[in-house]
Amino acid sequence: TPGSEGVGAWTALWGERSETRRFKDGAIVHAVVWPLPAEGRHMMPVVIARDLLLRHLRVSASVSGLGGLGALLSARDTGLSSSTSPQIIAAFEKLSSKLRKLSDLPLMITSISSLGAVFSFTEEFPPPAVPTGQSPPIGAPVPQFVVQFESTGKWPDDPVAIAALKTAFYLKMAAALEEQAGLFCQPTREALYVQCDGFTFSGTIAHDKEERLLLDAGKLAAAKELLRRTSSGVRHTTLAHEIAAQHPAFGGSVRLAKRWINCQMLSGLLQPQLVELLVARAFCSD
């Protein structure tokens with residue numbers, strides 16, 4: 001606080017970098033602000049060390065750095081401190097808005113939910129944007145979303161018939177998006193692929209009765225996989241996104257943990273969702 005003990009030592013340490021700031025809680029204190037972009041915040045300790053060394057000891061900045069770790073952290077779009085997730089989330093929100101505005105679908109859309117690590121900033125290698133009509137890079141994860149329609153008794157009671165009806169919806173949605181929103185679409189039997197702002201999304205339809213019908217038919221593995229790709233997967237994505245919004249370091253920490261696990265050849269034993277939960281525990285525990 002201005003006028004308190006220690007101000008002289010503080011200003012002597014930081015010099016002209018120190019400035020008086022008023023914070024939201026009303027406190028007025030001396031502070032040093034380091035204007036680094038989000039993708040470069042891992043360099044903050046190095047920047048601070050360089051400033052102090054140069055200011056007080058006249059040591060050149062060339063002798064300090066992160067070594068080989070710096071390139072890993074700074075790699076564009078795939079570095080631990082950089083990700084295309086913000087652009088992908090913005091493109092998804094735009095796509096969601098266009099889906100909700102479609103006027104000639106047989107049923108009204110009630111929800112559109114994101115699914116996947118890219119929406120919680122925990123995907124190690126999120127896909128880059130590509131020109132319209134071009135496929136994403138081979139091996140790049142495709143961001144997913146789940147669509148739910150209003151309830152109706154006209155859905156069939158057979159899983160095969162439900163799958164066929166979903167395919168019909170994908171065809172209808174693709175035609176409507178291309179005509180009304182000008183988006184590049186490619187419907188398949190199992191999903192609808194849509195490209196928005198250079199990012200390709202894979203959309204599937206969730207139907208409330210489908211899980212029960214699969215269980216009644218004794219298809220336990222299929223029912224479990226359906227849950228993973230719909231309701232339980234959406235809940236996990238929502239939880240991870242909320243933690244990432246509350247703790248900015250969460251996404252980078254998860255990406256680092258996943259890469260370390262891959263380097264130890266343990267990725268086949270630990271599912272990505274489990275890694276996310278383990279890191280989340282570290283951030284959320286008291």
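Taking amide H as placed 1.01 Å from N in the peptide plane, Ile205 has its amide H under 5 Å from the amide H of Val147, each at least 5 places away in sequence or on another chain. Computed with a 1.4 Å probe over protein heavy atoms only, the accessible surface of the chain comes to 57 Å² per residue. Backbone phi angles across region 227-241, fed through the Karplus curve with coefficients 6.51, -1.76 and 1.60 (θ = phi - 60°), yield HN-Hα couplings of 4, 4, 8, 10, 4, 5, x, 5, 4, 5, 4, 4, 4, 5, 5 Hz in residue order; Gly and Pro are listed as x. Summary of the geometry: region 113-187 and region 201-263, compared by the centres of their Cα atoms, lie 15 Å apart. Heavy-atom surface analysis with a 1.4 Å probe gives the chain a carbon and sulfur content of 58 percent of its accessible area. Taking amide hydrogens as placed 1.01 Å from N in the peptide plane, the amide H of Thr200 sits under 5 Å from that of no residue at least 5 positions away in sequence or on another chain. Non-local lysine pairs in region 142-286, meaning eight or more places apart or on different chains, with alpha-carbon distances under 20 Å, amount to 8.
Computed packing ranks the peptides 265-278, 221-234 as 221-234, 265-278, most packed first, by mean other Cβ atoms within 10 Å.
The values are calculated or read from the model by the stated rules, or taken from the named source; none is laboratory data. Please read these numbers as outputs of a predicted model, since none were measured by experiment. Backbone-built Cβ (ideal geometry, glycine too); neighbour counts: all protein chains shown. Accessible surface is based on the protein model in full, side chains and every heavy atom, while ligands, DNA and RNA are left aside. Shrake-Rupley method; radii C 1.70, N 1.55, O 1.52, S 1.80 Å.
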